Amino acid sequence: MSYYDFLFVIEVLVGGLLSGVMYSLVAIGFVLIYKTSGVLNFAQGSMVLFAALTFVSLVERGIPFVLSLLITFAAMVVLGFTIERTVLRPLVNRSPMTLFMATLGLSYIIEGAAQLVWGTQVHGLDLGIDDTPFEVGGILISSFDLLASGIAAAMVAGLSAFFYWTRIGLAFRAVADDQFAALAVGLRLPRIWGTVWTAAGFVALVAGLLWGARLGVQFSLSLIVLKALPVLVLGGFDSILGAIVGGLIIGASEKLAEVYLGPFVGGGIEGWFAYALALVVLLVRPSGLFGQKTVERV
Amino acid sequence: MTFFSHLRKAAIATAFVLGATAVHADEQYFPLQSYRVGPYAAGGTGFFGGFIDYLNLINIRDGGVNGVKLTWSEGETQYEVEKGVEVYERLKSNPGIAAWNPLSVGIAYAMIDRITDDKVPLITINHGRTDTTDGRVFPYVFPLLLNPYSETSGIVNYIASKEGGLDKLKGKKIVVLYHGSPYGKETIPIYELLSQKYGFELSQIEVPHPGNEQQAQWLTIRREHPDYVVLRGWGVMNPVALKTAQKTGFPADHIVGNVWSNSEEDVIPAGDAAKGYTAITTQASGEQYPVVQEIVKTVYGAGKGNLEDKSRIGSVYHNLGIVNGILNVEAVRIAQAKFGNRTLTGDEVRWGFEHLKLDPARVEALGAKDLFHSINVSWDNHEGDGYVTFQQWDGKKWNVVSDWIAPDWKLLRPIIEKSSEAYAKEKGIKIRTAEDADAVVSN
């Protein structure tokens, strides 16, 4: 292998890792809700679309950036509590499959509502982050992706601190461990779930802004859940650390596979390669690399 | 677009559907399998908006085509094949259907056998199955203006013109970045053929659907150091390609987009990364053309314009819809000249399409000079030898940067015939003759 080839491998690897962080951003939203309520929220992608579309539509109407951000966050809070009140609460104690189907339906409703309110036009989103690549030792690195990684890292650190060092975080963990025990000691589950959906809404907002700046704000934003699902399977549905590590592994491996295996099988393999990898992990570790093993009395 | 404006539009659409079920004499009906929500809504609203705007212009300004009122109704497909077929089943029983215009390769493929049985034309302007160009085998399918092979030839001819001639292509390296779908793969063999003919080095790289992640593909492109990249994308794949090209240091002015990578929706999300990007088109964008001006004055002036956002008037998809409207209406007009000024059968309109000859003088008379070049459809050539031009994005708008360019039809025709004849053999289809084409079902 020549020095140039070696550099190329590193470049593909770094690019893949940075892409993986972007997948993790979406996956974290899933983890938050799954961790505390056991619901696989298929509507997370639609929430990303809703957040980004709301934000960009407000900015385009002349509302200042920061105010648009605050209004959008407020909208996500309202959305989170509305979902808890109108969907989750009536379905409490239903099977996980019922809840999953409910979020699937919710996904279509949010997508439709976002387009109904803000229209179907494609929008550009400029966050003022320069995306000109810079070179380190012959390797091109995207400044945008690097900043996105920094934001994701800060968000993970913030969420971890929130979970471990705040009262409400402690309540989240208690609910995640045992909902009935949490209820028995006086925790108000509806309020906690509403707050969790709000937190997931905040994650959706951050992911929506970063992915929106990458893809443009358009319907396809809701399809980024397809990138997050193998990350969750691999990292575990209830682990924030798993979402990060899973994202890095999926991002790096799918890019390396596309470049080095793709040409032997006609190319275009990264779409399914991530799922194949997740399937292998599922066979070996059904709860993912960092997921909590479920033990049930039978 | 507000909630209430959507409600108003839905109410109007419903009224049209209800009205369309009772088509009277002297009305010609267009069933529209449109997509105004979903991933491709931006393209759908622009195209169907332009098409409806033109039909409205004919009704308001001329009172219809020779007194025959044009009617239509819409069914939402979200660009999904099963919904497209469902809409077809729902609308096909309406009387006086002129032609179907789904603007979707998948839906068009699913309809070929059905519309052939119905004897109603299926228009796939600028897209569709290449061998449907051969009217001997596909009597009711019309890939008007540009089929995928002609598009490929037009792009290669344009790159050659930038390099100083076709002979200068020898030794150049071209990468084709294509969407991982039947649409994206349609041109693989023709690029290979042209590569062998002109001696350029070719690499074709697939981007899996939907194309929101292309790091690996563009790093591969960077390693190959091509002279040009042809972008054969769709939807979100296009802005992501332009952004990732910037990230990997590939210049936008050496990327040439195909006909479904040429809209404002493809470049605006890419921001500055799209500056200098060039794409092929069959119709220019802009509001300056007389027919577009008339639509603004007559249709939007009467409050009947279809686009909610008036800044989209004259955009690529809107103008494509207008051109599509012109071609449909002129086919009806030509058929009326033979069969009478009345509601025509689908087969009579098919005859009209097969005699759709609009030379530059007629195009100018229709107010579309420089909007599109010309068309010359015949019973066996359903594409009609459309010319192409190239436009470059300056960060705010498209600017035309080439003359009208003719694809190499002579080179392509034998390949198309080989494919269509194989299809005919497989399906047991009798190859039509000119006499067959003149036999028309009038009731």
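Within the range B:258-297, the set of residues being farther than 15 Å from residue B:397 by Cα, more than 18 Å from the chain's Cα centre (by Cα) and assigned to a loop (DSSP other than H, G, I, E, B) comprises B:289 only.
Here residue A:238 clears all of (1) in contact (Cβ under 8 Å) with a residue 24 or more places away in the chain; (2) within 7 Å of chain B (Cβ to nearest Cβ); (3) touching a Phe, Trp or Tyr at 6+ places or on another chain (Cβ under 9 Å) except the condition numbered (2).
Does residue B:297 satisfy being away from chain A (no Cβ under 14 Å), basic (Lys, Arg) and without any contact (Cβ under 8 Å) to a residue 12 or more places away in the chain? Even if it seems obvious, please write down each step before you answer.
Numbers: away from chain A (no Cβ under 14 Å): yes; basic (Lys, Arg): yes; without any contact (Cβ under 8 Å) to a residue 12 or more places away in the chain: yes.
So residue B:297 passes the test.
A quick yes/no check of all residues on (1) in contact with a Gly (Cβ under 6 Å, 6 or more places away or on another chain); (2) surrounded by 24 or more Cβ atoms within 10 Å (Cβ to Cβ); (3) without any contact (Cβ under 8 Å) to a residue 60 or more places away in the chain:
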residue: B:243; (1), (2), (3): no, yes, yes
residue: B:254; (1), (2), (3): no, no, yes
residue: B:258; (1), (2), (3): no, yes, no
residue: B:261; (1), (2), (3): yes, yes, yes
residue: B:279; (1), (2), (3): yes, yes, no
residue: B:290; (1), (2), (3): yes, no, no
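All conditions in (1) surrounded by fewer than 22 Cβ atoms within 10 Å (Cβ to Cβ); (2) closer than 23 Å to residue B:180 by Cβ; (3) of a type outside the set (Ser, Thr, Tyr) hold for residue B:89, with the sole exception of (2).
Residues in the range B:352-361 that are more than 23 Å from residue B:316 (Cβ to Cβ) and part of a helix (DSSP H, G or I): B:352, B:353, B:361. Scanning the range B:198-217 for residues that are assigned to a loop (DSSP other than H, G, I, E, B) and facing chain A (nearest Cβ under 9 Å) yields a count of 6. Among the conditions (1) surrounded by fewer than 16 Cβ atoms within 10 Å (Cβ to Cβ); (2) under 30 Å from residue B:236 (Cβ atoms); (3) in contact (Cβ under 8 Å) with a residue 40 or more places away in the chain, residue A:122 misses just one, which is (1). Listed by position, the helices (runs of 4 or more DSSP H) inside the range B:89-192 whose residues that are closer than 24 Å to residue B:378 by Cβ number at least 1 are B:105-118, B:148-163.
Taking the range B:33-54 as the range and being buried (at least 24 other Cβ atoms within 10 Å of the Cβ) and either more than 13 Å from chain A (Cβ to nearest Cβ) or more than 17 Å from the chain's Cα centre (by Cα) (or both) as the test, the residues that pass are B:33, B:50, B:51, B:52, B:53, B:54. Residue check: is residue B:399 surrounded by fewer than 16 Cβ atoms within 10 Å (Cβ to Cβ) and not in a strand (DSSP E or B)? When the stated conditions are applied, residue B:399 does not pass them.
Is there a residue being away from chain B (no Cβ under 14 Å), surrounded by fewer than 22 Cβ atoms within 10 Å (Cβ to Cβ) and part of a helix (DSSP H, G or I) anywhere in the range A:264-275? If you could, list the steps in order and put the result at the bottom.
Taking the range A:264-275 first, the residues away from chain B (no Cβ under 14 Å) are none.
Within the range A:264-275, none of the residues are away from chain B (no Cβ under 14 Å), surrounded by fewer than 22 Cβ atoms within 10 Å (Cβ to Cβ) and part of a helix (DSSP H, G or I).
Being assigned to a helix (DSSP H, G or I) and either more than 7 Å from chain A (Cβ to nearest Cβ) or touching a Phe, Trp or Tyr at 6+ places or on another chain (Cβ under 6 Å) (or both) is the filter here; which residues of the range B:224-250 pass it? Give the derivation first.
Quick first cut of the range B:224-250, residues assigned to a helix (DSSP H, G or I) only: B:224, B:237-247.
Result: B:224, B:237, B:238, B:241, B:242, B:244, B:245.
If you go through the range A:141-181 and pick out every residue that is more than 14 Å from every other protein chain (Cβ to nearest Cβ) and either at pLDDT below 85 or within 21 Å of the chain's Cα centre (by Cα) (or both), you end up with 24.
Comparison of B:370, B:359 shows that the only residue that is touching a residue at least 40 places away in the same chain (Cβ under 8 Å) and in the same structural domain as residue B:123 (by TED's automatic domain parsing) is B:370. Has the range B:319-342 got any residue that is within 13 Å of another protein chain (Cβ to nearest Cβ) and closer than 30 Å to residue B:393 by Cα? No, there is no match, as no residue in the range B:319-342 is within 13 Å of another protein chain (Cβ to nearest Cβ) and closer than 30 Å to residue B:393 by Cα. Consider the range A:222-239 and keep the residues that are modelled with pLDDT under 90 and among the aliphatic types (A, V, I, L, M). The one that is nearest to residue A:277 (Cα to Cα) is A:226.
The values are calculated or read from the model by the stated rules, or taken from the named source; none is laboratory data. Every value quoted in this text rests on a predicted model; they were computed, and no experiment measured them. So basically every Cβ, Gly included, is an ideal-geometry build from the backbone, and we count neighbours across all protein chains shown.
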